[in-house]
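Single-structure report; data block below.
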């Protein structure tokens, strides 16, 4: 965890205006069919780690997961409460007043996502913070949901990669891994170029 004196306020960086943030209570259609099994199997920690800006630590003492939102520079603990029915999903984070919801639409042909925020006294996570983090969290959840649309080899491979690699990392580790991957690709391309050059001009 970082402390307030050690952080830079990322609110000054390039974000959309408050008026353009996702609004509580407004449903976002995913254009993906309803999948009850997905919501049944979704674990609370995986759901939180689908937020690309939440650094989630282990719940070591049963008092909730320590979370640092690196986008809005807020820290809190939360113990999510997940409720699933045949047509709805609800994840409540009571410590910050945030509720993330999904529901079946069009007789199961579509799925919609939404969120609500209730004011919690002395909570560092504000309604504006929720809107800012949701502009990334909801699309991330949708893309993960899309991987469960079918059991094709491609979808199974990406699900395995997400579950065993990406969702085990915090945001900083993901950025470092992404940088190392790009660097490795460039190194491989450089080696190939050298090999082709030597084959045609150096032999």
What's the number of the condition residue 25 fails, among (1) more than 19 Å from the chain's Cα centre (by Cα); (2) at pLDDT 90 or above? (2)
Farther than 18 Å from residue 116 by Cβ and without any contact (Cβ under 8 Å) to a residue 40 or more places away in the chain: is that true of residue 90 in this structure? no
Taking helices (runs of 4 or more DSSP H) that do not extend beyond the stretch 92-203, which have at least 2 residues that are at pLDDT 90 or above? 127-146
Go through the stretch 57-68 residue by residue and tally those that are touching a helix residue (DSSP H, G or I) at 6+ places or on another chain (Cβ under 9 Å), surrounded by 14 or more Cβ atoms within 10 Å (Cβ to Cβ) and farther than 15 Å from residue 130 by Cα. 2
Which of the following residues is without any contact (Cβ under 8 Å) to a residue 60 or more places away in the chain, surrounded by 14 or more Cβ atoms within 10 Å (Cβ to Cβ) and outside any helix (DSSP H, G or I): 71, 82? 82
Output the number of the condition that residue 77 fails; it satisfies all remaining conditions of (1) assigned to a helix (DSSP H, G or I); (2) surrounded by fewer than 19 Cβ atoms within 10 Å (Cβ to Cβ). (1)
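The values are calculated or read from the model by the stated rules, or taken from the named source; none is laboratory data. This one's a predicted model, so the numbers in the text were calculated from it and none came from an experiment. As a convention, Cβ positions derive from the backbone with ideal geometry for all residues, glycine included, and neighbour counts pool all protein chains shown.
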